[in-house]
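**Q** So that we are looking at the same thing, I have put the structure below in structure tokens.
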Amino acid sequence: MIWDTCVKHYLSLIKNGCPEAWRPTRCRHCEAEAGFHRHGHYTRMVYTLEEALKIIIFRFRCTTCRKTFGLLPSFLTPYRTAALDVQERVVRELDSGLSVRIVADGLSLPTQPYSEKSLWRWKKDWDRLREAVEPSFWNAALSRFPHLKLPRGSGIPRTGWGWLFWVWEMVRAQLTDKPGTGCLQWLSHLAWSAAVSA
Ligand SMILES: [Zn+2]
């Protein structure tokens with residue numbers, strides 16, 4: 001996984017092929033930590049809130065288990081064409097209480113239409129991940145902001161997502177060098193870090 005990158009940044013990084021710094025450090029199949037050979041690339045469609053485009057995904061083969069895997073940039077999730085900015089908008093709108101029909105209708109993207117069922121499934125998947133990350137999320141938040149001033153009164157978030165988005169606003173202010181990063185990218189990153197250190 002290539003962290004903290006948006007589509008534009010990614011495209012600029014791969015102009016001359018796969019950067020050497022992206023060589024994987026762990027096999028997602030067998031957990032081997034070395035021995036990866038380049039194994040070509042494939043293209044896939046990505047739909048962001050602004051555009052539809054084809055991007056290249058680089059593949060590697062693990063010499064331990066012989067399986068191949070692609071290096072997905074962090075604005076994508078496996079098997080979904082919608083980039084995380086699209087998915088984040090859906091999660092935010094559903095969490096704010098909008099109906100799935102209204103959210104689906106409101107997605108006037110330069111994109112393929114997504115069914116209400118798909119949007120619902122995205123939300124459920126992200127709900128599960130958010131719940132799994134909850135403890136490490138608060139650790140990460142408090143280590144970044146030891147003097148965190150919690151909101152009061154009407155400013156108190158009403159949902160788990162509300163709290164996550166609230167903390168994310170502060171984290172984002174620190175990530176001035178990564179303007180394209182969204183909350184779901186950060187959440188995936190936390191989940192991944194938690195799994196690795198577990
Ligand atoms: Zn392997």
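Only the coordinates and a few stated rules stand behind these numbers; no lab work does. Everything quoted here is computed from the prediction, not taken from an experiment. Note that each Cβ is placed from the backbone with ideal geometry, even for glycine, and that neighbours are counted across all protein chains shown.
**Q** What ratio of Cα Rg to 2.2 N^0.38 Å holds for the range 110-149?
**A** Here the Cα radius of gyration is 1.76 times the empirical estimate.
**Q** Tell me the mean residue ellipticity at 222 nm calculated for the chain from its helices only (DSSP H runs of n ≥ 4, each -39500 (n - 2.57), averaged over every residue, nearest 500).
**A** When only DSSP H runs of four or more count, the value is -14000 deg cm²/dmol.
**Q** If you add up the charges near R121, with Lys and Arg at +1 and Asp and Glu at -1, over every other residue whose beta carbon is less than 12 angstrom from its beta carbon, what do you get?
**A** +2
**Q** Over the range 1-157, what relative contact order in percent results from Cα pairs under 8 Å that are six or more residues apart?
**A** 18
**Q** Taking springs between alpha-carbon atoms closer than 10 angstrom, which of P157, P78, P24 fluctuates most in the Gaussian network model of the chain?
**A** Result: P78 has the largest fluctuation of those listed.
**Q** While we're looking at this one, here's another question. What residue among H147, H41, H29 shows peak mean-square fluctuation when the chain is described by a Gaussian network model with Cα springs under 10 Å?
**A** Looking only at H147, H41, H29, the biggest GNM fluctuation is shown by H147.
**Q** Mind pulling the per residue volume of the convex hull built on the Cα atoms of the range 9-98? Å³ is fine.
**A** 118
**Q** Roughly what angle does helix 183-197 make with the longest principal axis of the chain, taking Cα atoms, 0 to 90 degrees, to the nearest 10?
**A** The helix 183-197 is inclined about 60 degrees to the chain.
**Q** Give or take rounding to whole Å, what are the principal axis extents of the alpha carbon atoms in the chain, in descending order?
**A** So the three principal-axis extents are 56, 41, 29 Å.
**Q** Would you mind checking the tilt of helix 160-174 against the longest principal axis of the Cα atoms of the chain, expressed as 0 to 90 degrees and rounded to 10?
**A** Tilt of helix 160-174: around 70 degrees.
**Q** Cα-Cα over 31 Å: which of K8/K149; K15/K117; K54/K117; K8/K123; K15/K123?
**A** Exceeds cut-off: K8/K149; K15/K117; K15/K123.
**Q** Angle between the Cα long axis of helix 116-144 and the longest principal axis of the chain, 0 to 90 degrees, nearest 10?
**A** Around 90 degrees separate the two axes.
**Q** With springs only between Cα atoms under 10 Å, which of S118, S154, S188 fluctuates most in a Gaussian network model of the chain?
**A** Of S118, S154, S188, the Gaussian network model singles out S154 as fluctuating most.
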